[in-house]
Amino acid sequence: MAGVDWTDSTRDAAGIKLHVSRAGRGRPVVVLHHETGTLDRLPFYDELAQRYDVLVPHHPGYSRSQRPEWMRSVRDIAVLYRGLLSELGLEKAALVGLGFGGWIAAEMASMAPADLSHLVLVGAMGIKPPVGDILDLAITGYLDYARAGFHDQKAFDRVYGAEPSNDQLEMWDVCREMSFRIAWKPYMYSQTLPHLLGAVRAPALLVWGDEDKVVPQSAAKRYAAALTQARLEIVKGCGHCVDMEQPETLAKLVTDFIGRE
Amino acid sequence: MHLMYFTEQPMSAYSEQAGRDFGATALMFSNKHFDPVAGSRLYNNYIEQYMLAEEVGIDGIMLNEHHNAPFCMQAKANIFAAILAGMTKKTKIVLLGNPLPLAENPVRLAEELAMIDMISKGRLVSGFVRGGGQEQLATGVNPAFNRERFEEAHELVVRAWTQTGPFRFEGTHYQHRVVNPWAVPLQKPYPRVWIPGVISKETIIWAAEQRYPYIALNTSIEQTKKIWELYDSVAQRMGYESGPENRGYLIQVHISDSDDKARENAKQFRWMQGEFTGLAHPVWSTPSGYGSPTNRRAFVEFAAGRAINPRGNTTFEQQVEDLRIIYGTPDTVVKKLKLILEQTRPGILALWGNDGRVSQEDSLTCIRLMGQEVFPAIREIAKSLDLKSPFEADAPVHLKYSTDLKPAAKAAAAE
């Protein structure tokens, strides 16, 4: 997208080099990516950067960020990011969590309920779905898993190419290993998180693709019950990775929710 | 030379067609294809085989375990070890081995092994393995910490065996505030530990650093030689000279009174339609974090169907050609095994005698010929080649019990 000028930087955090991409001006919006890592640039990030000061940190152990050998839980990432925001002097950021990143966003919200403007959870992991289970990385192939995030396979092809490179496969393996290190058991959810979300007073938007094959929609209901001010939006004809499959739709939902100023 | 009998304990009554239809005979291949009536018969067949092995003078019975797959019925090696501890009198009970990372409580594992050692009156050899990739998933254990858990559980088991309790263990993966098991091994300082493996260099290096014998699992002569090169170089670095007492080898061998019948039965080594573990699923057999980072690329490409299996997958004919499968009458088998002994010089040899749907009668014939004809000849050859087992060489159980280390290494070992 024209006019979006991204800056990539590396910051020292908890003993590792953390990669952060940043673009745009305005209210701070932190976008937290999936457990499959993230590409450097995505249309969804560009859309948001038209209106906001967008930060896309690469999670510790994922994509371009180093692996902290000591890290043992997803909550550790949330604490590390709380520290990052503090270092950057960013207050009351909006958090947009995508899938696995939604879990991190929810943890961050529970830790500092007052230091948050808006919470957006898109197909968020982190809560045990009352019905159904979160798709298991460990028994699903790299391509099958990545493709399971998309209802429209042409959308997958647009993002990753019809035949993703071996470098991409290897990166998925690196990310997968990190997910195992911090979210193995219970797999991809916290037993305590739902009990800690009640203090979050900031408005929350829950977005789910109606064809999400990775995180059952029942998890949205559990999130809605745990958060005091949550609204659910269902995106039609869309899989788990709403950000990659229907970036404009999600950007519009987020923009309408956070506000346009 | 220490000579052993091994069988995978195949669950031969499963439906092969169901496995082909499903496309994998591992992990997620449904246990509805397991028939406990056949299972009961087969377990008792295997006990009969082991009892005959003892009767015909075989030095050791090698046991292992696997999960969620028809190629091996043992889900807990210690169960059969306990049975043999009570039922046999002379044969060594050689576990190759207990998958350490699968243990959520290594202290209980140490207790079980100590009981087996005492009941058997000191006949336990307690090998340890990492467990295959799918073993981690079958037992819900995190594959990303496999090697860390292996090393830490090993440390805890050995300390539980050797250090007077009570003591406290605060590890990364295991924390035990009171370690004081009232079952400790009969053998001192502790039962011998042998480490089997196939391709992981890290395991060979680790075994050599501990001075534990490494058991090469059915590798080709060339691969085996490379393993010993690596082992020997690590031994040098640690300050000792490695020899046959550090080397074990497992090979698929079927012995019969006729070459034709032996060939037919040897074909059963390929009964699982591919590698010995059956129709493997590349994603399940190498979960992320389980393998060495240096092999990451190769396994990822294999998992996506873009490269051949890095573990290799060869035909029956090729394995026969490479001397990884040997079959025939005792004379034929001894001649071929002699070549392997000359080329690779192991002090421990395990014959994996029967697999797949070999009948119980033919299995017993194989074991009888193994004990009465093949092994006596192999013992003579081993003598002439000076291939001593760890027992014959009175090798130290661990590096730290060495009395022959070169001075610089001695200081390091004492640390």
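If a residue has to be open to solvent by less than 20 Å² (accessible area, probe 1.4 Å), out of contact with any strand residue (DSSP E or B) (no Cβ under 9 Å at 6 or more places or on another chain) and either more than 8 Å from every other protein chain (Cβ to nearest Cβ) or modelled with pLDDT under 85 (or both) to count, how many in the stretch B:257-291 make the cut? Summing the residues that are open to solvent by less than 20 Å² (accessible area, probe 1.4 Å), out of contact with any strand residue (DSSP E or B) (no Cβ under 9 Å at 6 or more places or on another chain) and either more than 8 Å from every other protein chain (Cβ to nearest Cβ) or modelled with pLDDT under 85 (or both) in the stretch B:257-291 gives 6.
Once the stretch B:30-55 is narrowed to residues that are touching a residue at least 60 places away in the same chain (Cβ under 8 Å) and open to solvent by 20 Å² or more (accessible area, probe 1.4 Å), the residue that is farthest from the chain's Cα centre (by Cα) is B:Glu55. Check whether at least one residue in the stretch A:155-166 is out of contact with any helix residue (DSSP H, G or I) (no Cβ under 6 Å at 6 or more places or on another chain) and open to solvent by less than 10 Å² (accessible area, probe 1.4 Å), and report yes or no. Scanning the stretch A:155-166, I find at least one residue that is out of contact with any helix residue (DSSP H, G or I) (no Cβ under 6 Å at 6 or more places or on another chain) and open to solvent by less than 10 Å² (accessible area, probe 1.4 Å), so the answer is yes. Is at least one residue of the stretch B:314-333 farther than 24 Å from B:Arg357 by Cα and either modelled with pLDDT of 95 or more or within 14 Å of chain A (Cβ to nearest Cβ) (or both)? There is at least one residue in the stretch B:314-333 that is farther than 24 Å from B:Arg357 by Cα and either modelled with pLDDT of 95 or more or within 14 Å of chain A (Cβ to nearest Cβ) (or both).
Only helices (runs of 4 or more DSSP H) whose full extent lies in the stretch B:62-173 are considered here, and the ones with at least 2 residues that are open to solvent by 10 Å² or more (accessible area, probe 1.4 Å) and within 14 Å of another protein chain (Cβ to nearest Cβ) are B:133-138, B:146-162. Scanning the stretch A:175-220 for residues that are open to solvent by less than 20 Å² (accessible area, probe 1.4 Å), more than 14 Å from chain B (Cβ to nearest Cβ) and in a loop (DSSP other than H, G, I, E, B) turns up A:Ser190, A:Leu197, A:Val200, A:Ala202, A:Val214, A:Val215.
Tell me whether the stretch B:336-347 contains one or more residues that are on the phi > 0 side of the Ramachandran plot, of a type outside the set (A, V, I, L, M) and either in contact (Cβ under 8 Å) with a residue 12 or more places away in the chain or surrounded by 15 or more Cβ atoms within 10 Å (Cβ to Cβ) (or both).
Yes, the stretch B:336-347 has at least one match.
Pairs are defined by a Cβ separation below 7 Å, a sequence spacing of at least 6 or placement on different chains, a first member in the stretch A:148-161 that is of a type in the set (Asp, Glu), and a second member that is in a helix (DSSP H, G or I) and open to solvent by less than 20 Å² (accessible area, probe 1.4 Å); the pairs so defined are A:Asp152/A:Glu245. A:Leu85 passes every criterion in (1) over 26 Å from B:Pro293 (Cβ atoms); (2) more than 17 Å from the chain's Cα centre (by Cα) apart from (2). Of everything in the stretch A:104-144 that is assigned to a helix (DSSP H, G or I) and surrounded by fewer than 21 Cβ atoms within 10 Å (Cβ to Cβ), the residue that is farthest from the other protein chains (Cβ to nearest Cβ) is A:Met111. The residues in the stretch B:310-331 that are assigned to a helix (DSSP H, G or I) and either open to solvent by less than 40 Å² (accessible area, probe 1.4 Å) or among the hydrophobic types (A, V, I, L, M, F, W, C) (or both) can be counted, and the count is 4.
Do we have A:Val159 as more than 9 Å from chain B (Cβ to nearest Cβ) and among the aliphatic types (A, V, I, L, M) here? So A:Val159 passes the test. If only residues of the stretch A:225-243 that are within 20 Å of A:Ile134 (Cβ to Cβ) and open to solvent by 60 Å² or more (accessible area, probe 1.4 Å) are counted, the one that is farthest from the chain's Cα centre (by Cα) is A:Ala225. So B:Leu387 ticks every box in (1) crowded, with 17+ Cβ neighbours inside 10 Å; (2) in contact with a Phe, Trp or Tyr (Cβ under 9 Å, 6 or more places away or on another chain) but one. Which box is left unticked? Exception for B:Leu387: condition (2).
The values are calculated or read from the model by the stated rules, or taken from the named source; none is laboratory data. All values derive from a computational prediction rather than experimental measurement. Because the Cβ atoms are built from the backbone with ideal geometry, glycine has one as well, and the counts that use them run over all protein chains shown. Ligands, DNA and RNA are stripped out before the accessible areas are found, and what is left, the full protein with its side chains, is counted by its heavy atoms. Shrake-Rupley method; radii C 1.70, N 1.55, O 1.52, S 1.80 Å.
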